[in-house]
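Report on the structure given below.
The values are calculated or read from the model by the stated rules, or taken from the named source; none is laboratory data. No experiment lies behind these values; they were computed from the predicted model shown. Cβ placement follows ideal geometry from the backbone for every residue including glycine, while neighbour counts extend to all protein chains displayed. Accessible surface is based on the protein model in full, side chains and every heavy atom, while ligands, DNA and RNA are left aside. Shrake-Rupley method; radii C 1.70, N 1.55, O 1.52, S 1.80 Å.
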Amino acid sequence: MLRLAEGRANTMEHGAGEDRRSAGQPEELTGPQIVGAHTAREPGQLAKFHAPEIVFGPGSLAELGHCTLRVGARRPFLVTDPGLIEAGWVDEAIGHLRLAGLQPVVWHGVTPNPKDHEIQSAFEHYRESGSDVIVGLGGGSCIDAAKGVAILSGNGGRILGYEGVDKVVHPIPPTVMVPSTSGTGADVSQFAVVTDTSQHVKITIISRTLVPEISVIDPRLLTTMPDLLNAATGLDALTHGIEAFVSKAHNPLTDNHALQAVGLITHNLLRTQLKPREAEARMAMAQGSLEAGMAFTNAILGATHAMSHQVGGLLDAPHGVVNGVLLPHVIRFNAAREPERFVPLAAAAGIDTAGLPGLEAAHQLADRARQLADEVGVPRGLAGLGVTEDKIATLARTTMKDACLATNPRQARVEDIEALFRAAL
């Protein structure tokens, strides 16, 4: 139960409160903090929360035309990939757009871990076609590429020039996103991740302008994911929930979404592998991905993602798979500093935490994350993805520049990152 501030009566008795009001000064809150279920925040601390309009549920793709029309589209630019075309979702989406009286233009030249030159090509096609609203249909790669086109349309230059926080200073065209995976959270986030093909690294772009106007989440689209992509994106979403909850930038608004996401994902990811068309598990994973996305876009992330971006950039490895390998090691590293923060996460993952010391709860959570990765077929080490000892120094050095490392709950030196990479080999 919330505890309201005490002591006002005593203040009023002595006339202090009356003096403040007569002087025209605002009255401050006094007494104990308001305490929520999982965390107590300092009095007066502000929390911001960015989220798009969300259309959620089976069949919601039918709303795409209306949603796109509402944000001003006449000639929407649909960014997707060949896999979504083959699965039939692009044809369905085009049909809904045309029913709304729109004339869509399709760009499908996106590959996993979208490349800087792919975004440049897409933007040039966007500009030449006279398109307006940008629609991303697909996984995180398609959605990040769509955001990249929007950035260049409103701001010019080259996409790599926007690395970092709040570098996108001018408005961008409206965006509507339709995720086809249950994991990346790109459809609700203020992030875009792009591969710098000359340096073989991933850059992270963070800007509130990148939060889409509308996210249309239709769990039917999840049923055509290959097993590896289903596993990878699910582990990515799990990592989002865990890193958002322990992030330096977490707040009560993000905490509940993070915990809910961890519970939904740990209890349903394997079910989607075993029974791909089971509606209940797909709905749960779609919601888990959504809630994890809303948590991390506002609380940011941590060392797992900072490290994973480097492996993906160097080796073009699946992002979520790399997260699944790294996450248990980073949990143990961070828990050595503040173990109690991991207790609610362990409980959300189904671990009995009654009377369990914080460090033990964190270690059991790390074990549970590794167990889930095993169950869905993710390699046990980075060596299976092509990482070798001679690459570790480079990976650690570029990790230190990643924006996600700034909100990791424990400060990490380059030596710490190298040790984590070695442990994960």
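Some observations on this one:
- Normalised by 2.2 N^0.38 Å, where N is the number of residues, the C-alpha radius of gyration of segment 64-134 stands at 1.10.
- Taking amide H as placed 1.01 Å from N in the peptide plane, Leu78 has its amide H under 5 Å from the amide H of Val105, Val106, Trp107, Val135, each at least 5 places away in sequence or on another chain.
- Accessible area per residue for segment 266-425, computed on protein heavy atoms with a 1.4 Å probe, is 38 Å².
- For segment 296-394, the Kirkwood estimate of the hydrodynamic radius, built from every pair of different alpha carbons, is 14.4 Å.
- 1.4 Å probe accessible area per residue over segment 35-172, in Å²: 46
- Take the convex hull of the alpha carbons in segment 93-181; its mean projected area over all directions comes to 5.9 nm².
- Its Cα centre serving as origin, segment 165-300 has a Cβ charge dipole (Lys and Arg +1, Asp and Glu -1) of approximately 100 debye.
- Per-residue Karplus couplings for segment 134-147, computed as 6.51 cos²θ - 1.76 cosθ + 1.60 with θ equal to phi - 60°, are listed in order as 10, 10, x, 10, x, x, x, 5, 5, 5, 5, 5, 4, 5 Hz, Gly and Pro entered as x.
- Lys/Arg +1, Asp/Glu -1 at C-beta; segment 255-349 dipole; positive extreme among Ala348, Ala279, Ala299: Ala279
- Net charge over other residues, Cβ less than 14 angstrom from the Cβ of Ala361 (K, R count +1; D, E count -1): -2
- At q = 0.08, 0.13 Å⁻¹, base-10 log of I(q)/I(0) for segment 98-247 (Debye sum, equal scatterers on each alpha carbon): -0.21, -0.57
- Furthest towards positive pole of dipole, Gly157, Val90, Ser131, structure part segment 89-158, Cβ charges: Gly157
- When each of Lys248/Lys275; Lys115/Lys401; Lys48/Lys275; Lys115/Lys275; Lys202/Lys275 is checked by Cα-Cα distance, pairs over 30 Å: Lys248/Lys275; Lys48/Lys275; Lys115/Lys275; Lys202/Lys275
- Carbon and sulfur %, accessible surface of the chain computed with the full protein complex present, 1.4 Å: 54
- Percent RCO, i.e. relative contact order, over the chain, from Cα pairs under 8 Å lying at least 6 residues apart: 14
- Taking the inverse of the mean reciprocal distance over all distinct Cα pairs, the Kirkwood hydrodynamic radius of segment 196-308 comes to 14.8 Å.
- For the chain, size of Cβ-based charge dipole, Lys and Arg +1, Asp and Glu -1, in debye: 220
- Debye intensity ratio I(q)/I(0), log10, segment 99-148, q values 0.19, 0.25, 0.28 Å⁻¹ (C-alpha model): -0.59, -0.96, -1.14
- Each peptide in 344-350, 213-219, 121-127 receives the mean, over its residues, of other Cβ atoms within 10 Å, and ordering these scores from highest gives 213-219, 344-350, 121-127.
- Taking every DSSP beta bridge that has both ends in segment 81-231, the antiparallel portion is near 40%.
- Expected 222 nm ellipticity per residue - DSSP helices of 4 or more, -39500 (n - 2.57), all of the chain, to 500: -15000 deg cm²/dmol
- Alpha-carbon gyration tensor eigenvalues x 5, square-rooted, for the chain, Å: 35, 29, 22
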